[in-house]
Amino acid sequence: MFRDRNDVWTRLSELWNRSDIPVLETKDTKYALLSDIHLGNGGNADDFVNNENALLKALDYYWENGFSIILLGDIEEFWQFDLSGIRKRYGDTVYARLRRLPKGNVIRVFGNHDYEWGGFVDPAKDQNITGEASEAVKLKDPQGKVRFLLVHGHQGTIDSDKFAWFSRFWVRIFGFIEPFARTTGLYNNPTSTKSPIARDYERTLYQWAKANHLILICGHSHRAIFASKSHAEKISEQFSRLEWENSKSKTTSAKRLENLRQIQALKIELEDERVKGRVIEATDPGNEPLPCYFNTGCGVYSDGLTCLEITEDVIRLVKWNRDSTKVSRLVYNEDKLSSILSKI
């Protein structure tokens, strides 16, 4: 992903200062933030199709528990597929679940792969409405002050913003050969984007949020981030804590053995994060980062999807597992918004 730091900062600042960006309440409201689902046509080039049941379980849960859904961009894969094919495959499943939500409870923010929502009739809504997708949404904190900016996260990039038409052209070309490439084993990477996301992507967005003393929530990179740290960083912190505990003489033999079991499991989990490209550069090298940057992750992981939940004064990073033998909804991290906002 080619990008210019100054362009990213300029675009984000423009959106933050615009008065026409929708502003939503968090008081007495629940939100689930989903991005980068990349709905296709159900064929071999559809990176999402194997996670459909995980998403349906998530949407059922959010409907049953009174959540509004914020679709934070790249919900559809329009760089490869037409709406007619996507609608045919997911009209009675994903879109039907979204239409079931009360009017106004599905909010769209467009990304680089689905920016066409400015002119389409949206099958995720139970009415014939066009032009409702916004490039950003702002949220108030529980006290009523605007403290959050929600964008897809492609703003200011060369390949996904300025010259997205060129990137889309090459992805369309690749779409014709991708099924063959998958069959022959030449390409099999459903967890990544079609073009690589720079390792310092999160650092650039974090620095902007830190400078503006607000919470920035994005998608785009397909890497889940909670309070400016990746899941891999959280695993490393748990690893270090357990090793430190085992180094203390007062730790009992039974506790030390249990810690060793957890350490081994964490090693396996951390290696899995490395293999899948989800280890990021530190957002604030040499310092404890401020908890001002969050990323929803995506819906095309090889084992499920991640999203963020905001329920009044709590924000959570949640994993929905594809494997039916595992817990469907796993809370990776959670914290109080009041505590987070006091630090930034």
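Every number in this text was worked out from the coordinates using simple rules, so none of it is lab data. Just so it is clear, the model here is predicted, and its values are computed rather than measured. Heads up, the Cβs are rebuilt from the backbone with ideal geometry, glycines too, and the neighbour counts pull from every protein chain shown.
Output the pairs from Lys27/Lys229; Lys248/Lys336; Lys255/Lys336; Lys210/Lys255; Lys57/Lys103 with a Cα-Cα distance over 28 Å in this structure; if there are none, say none. Don't skip to the answer; put the middle values down first.
On the way: Lys27/Lys229 26 Å; Lys248/Lys336 31 Å; Lys255/Lys336 30 Å; Lys210/Lys255 39 Å; Lys57/Lys103 21 Å.
Where the Cα-Cα span goes over 28 Å, the pairs concerned are Lys248/Lys336; Lys255/Lys336; Lys210/Lys255.
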* **Inter-probe distance in nm under a simple model that places probes 7 Å from Cα toward Cβ, at Val275 and Thr10** => 4.3
* To do: Find how much the distance from Val23 to Asn212 grows on full extension, using 0.36 nm per residue of separation minus their present alpha carbon separation; answer in nm with one decimal.
  => 66.3 nm
* Structure fact -> In nm, the gap between the two label points placed 7 Å beyond Cα toward Cβ at Thr251 and Asn287 is 3.2
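Could you tell me which of rounded, prolate or oblate describes region 1-113, using a ≥ b ≥ c as the square roots of the eigenvalues of the alpha-carbon gyration tensor, with rounded for a/c under 1.5 and, failing that, prolate when a/b is larger than b/c and oblate otherwise? Spell out each step's value before the answer.
Numbers: a/c = 2.33, a/b = 1.18, b/c = 1.97.
Here region 1-113 falls in the oblate category.
Going by average Cβ neighbours within 10 Å, how do the peptides 214-227, 50-63, 262-275, 74-87 rank, with the highest at the top?
Values: 214-227: 25.4, 50-63: 19.1, 262-275: 13.6, 74-87: 22.1.
The most tightly packed comes first, giving 214-227, 74-87, 50-63, 262-275.
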* To do: Pull out a ≥ b ≥ c, the square roots of the eigenvalues of the alpha-carbon gyration tensor of region 230-279, then state rounded if a/c is under 1.5, prolate if not and a/b is larger than b/c, and oblate in the remaining case.
  => prolate
* Asked: Given H placed 1.01 Å from N in the peptide plane, which residues other than close sequence neighbours of Asp114 have an amide H under 5 Å from its amide H?
  -> Asp74
* To do: For Val146, list long-range residues whose amide hydrogen, built 1.01 Å from N in the peptide plane, is under 5 Å from its own amide hydrogen.
  => Asp141
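Taking the highest mean first, how do the peptides 307-315, 285-293 order by number of other beta carbon atoms within 10 angstrom per residue?
On the way: 307-315: 20.9, 285-293: 16.0.
Order by mean packing, descending: 307-315, 285-293.
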* **Backbone N under 19 Å from the Gln143 label point (7 Å along Cα→Cβ), restricted to region 308-337** => 311-315, 335-337
* Which of Leu266, Ser240, Thr252, positive extreme of dipole for region 230-279 (C-beta unit charges) -> Thr252
* To do: Report ³J(HN,Hα) in whole Hz for each residue of region 21-36, in order, from the Karplus equation J = 6.51 cos²θ - 1.76 cosθ + 1.60 where θ = phi - 60°; Gly and Pro get x.
  => 6, x, 10, 10, 7, 10, 5, 6, 9, 10, 10, 10, 9, 10, 8, 6
* How far apart, in nm, are two points set 7 Å out from the Cα along the Cα-to-Cβ line at Lys343 and at Ala96? -> 4.3
